[in-house]
Each structure stands twice: as C-alpha cells, then as structure tokens.
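The values are calculated or read from the model by the stated rules, or taken from the named source; none is laboratory data. All values reported here derive from a predicted model rather than from experimental measurement. Cβ sites come from the backbone with ideal geometry, for glycine too, and all protein chains shown count toward neighbours.
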Amino acid sequence: MKRTLTLIAVVALILAAATILNAKEITIRGKLQKTVEAGGWLVVGGDAKYLILNAKNFQSNRWFKESANVEAVGETKDVMTTYMEGTPFEAKSMQPVEQAAAMSSDNRRVTRVMVAGDSIVQAQPDTAIVTIAVVTQNRSAVEAQQENATKTEEVVRALKATAGSGAEVKTSGYSLQPQRVYKENQPPTITGYEARNGVTVTLSDLTKVGSVIDAAAQAGANDVSGIAFTLRQDRQARDRALSEATQEAVSKAKVIATALGGRVVRIVEVQEEGFQQRPPVPIYQVETFTAKAAASTPIEVGSLDIFSKVQLIAEVEM
C-alpha cells in the first residue's frame, strides 16, 4: 500500500513538473467584460475569451473598466471554475492598449517630424468679370439721378448686345450722394449731387472683354472699377496642385528621415491649408474712355496661378 502511494506521488510530481516545463507566456488583447463568475472579468478578443483569475490585482487602476481595450501577458491555467466561461488565464501584467502601443513605439525609437509642401500650377482662366459704372453729376439730385438712369439703360443695352446671350449683365451697386464743400468754421455746403450705377458683366468668351469695355464707353460709361479673370472649372488644376504639394511634403519627410538615419513608417496627420487663385494682371488702355473712344481696347489675359499648401506629420523609425 505504501509502495502504491509512493508511485502515485512520484507520478504527480512528474506531471506537475511537466506542466511547469510546458507553461508558456502568451500575450492577449481584447476588451474587458464582466462575467457571471463571482467577481470575474473576461478579456474578449474576436472569438477568444479569457477568464482573468487574478483580476483583483488590476482593478485599482483607473483604466480597468468594462469595454476598455487591454493587453495582458500571462499563462493559461488548467483549472476548473464554476461556470467555465472562457479559458482560465493568470495575468502577470496588464495595461491599456494605448499605453502598450506607446511603449512599443519607445522601444522602436520613433520620432515625428512636421513638414510642409506647396505647389503652384498655372492654368488658363475661363471667365472674365468686368465691373463698369456710370457716374453723373448735377446740382439737382433728381436731374443727376434721371441722367444716370438714361445713360445706364443705354450702357446695359450695349453690353448685352456685345457680350452675347451667354453673358450675365447685372447691377452691382447704386448710390446717390451729395457733394459738399467744407470751409473753416462753417457748416458744409451742398453744391451738387453725384449718382453712380455699377454694372457687372460676367462672360466666358474672353476675346470679347475689350469689345465690352469699348461698347460701354461709347454708350456712356465713364468708370471701369475692375477687370478680374477666374477659373470656374478649377477641379483639375486644384487636384494637380494638391497632389504636387503633398508629394513635396512627403519628399521632405523622407529627406529628413534619411538624414536622421531612419525611415518614414507612416503619415500620422495631413492638413490641407487651402487654395488660392492668383489672377493675371490685364493690360488695357485707360485713355480709351476719353480721347480715343473709337479705338479698340486691347486685353491680354495671361495665366492664373493656382496655389496649394499641405502640412503633414510623419512618423520616423530609427
């Protein structure tokens, strides 16, 4: 009998030793979840469930709460529990996934660099916007207004005829203001009135810009407030500028990484700082409105500059 007990003890020792030798640490990841076990907690990741046998060792941490993503290092145990929900697991360490990722980054000696890239793409404008005004003056406000209305009507008629059916002609501003004379120690005196009626012409046929100005001048317009060229269909140019700006920023990040003896492993953040159209400066003859009213106004359009800038943060591993 004693010999039998001795053999059983020896076998038990051998099995225990084999269990110790076969024990292997594993790392598990998942979300914390309460279980039906008394005071029990699970780490659930995908289809795997691990019952944390020593959860009380970590419950004092603020991050230890339901649905928290954690990473734990430990061993599975061949033990019986009341409900056997999940594989029994004894954790040697446990921490939030964010902290584990930060520690991993520290071990890899990762740093971040911030760079900017910009690009200028030239494109031909497809739209012209001409702002013209009729300015009249008279001692009487009514007469200044009526004279202005008559001239403006003639100017609008001439603009529509010259610009064509595809153009847009609209009033962009109107004012009727007194003209005052100021003398020292005396109240200002009204000497007359000035009426101003602004008209904006938007057209896609850029070859008609000079003709539009000439027609307006001959019809009675006496002020050109501005000529602007823009690109309505700018998607292709914007995309190209954005692509080139991004490529330049990435290239800078790679150069910095190489200088540091490392490599770019990922782009952490990208921020687009917007687009800007730099309009061409039109060339035209101002004297057309006076002595050379019958002359043709030359307009040279030029190219638009589409400017794009991108700023990004790259992660460099060394």
Q. Out of VAL142, VAL169, which single residue is in contact with a helix residue (DSSP H, G or I) (Cβ under 7 Å, 6 or more places away or on another chain) and either farther than 30 Å from GLU244 by Cα or in a loop (DSSP other than H, G, I, E, B) (or both)?
A. VAL169
(Q) The conditions are (1) modelled with pLDDT of 90 or more; (2) assigned to a strand (DSSP E or B); (3) of a type outside the set (Lys, Arg); (4) within 15 Å of ILE120 (Cα to Cα), and GLN247 fails exactly one of them. Which is it? (A) (2)
Q: Give me a count of the residues in segment 60-89 that are of a type in the set (A, V, I, L, M) and either exposed (fewer than 11 other Cβ atoms within 10 Å of the Cβ) or not assigned by TED's automatic domain parsing to the domain that holds ILE28 (or both).
A: 2
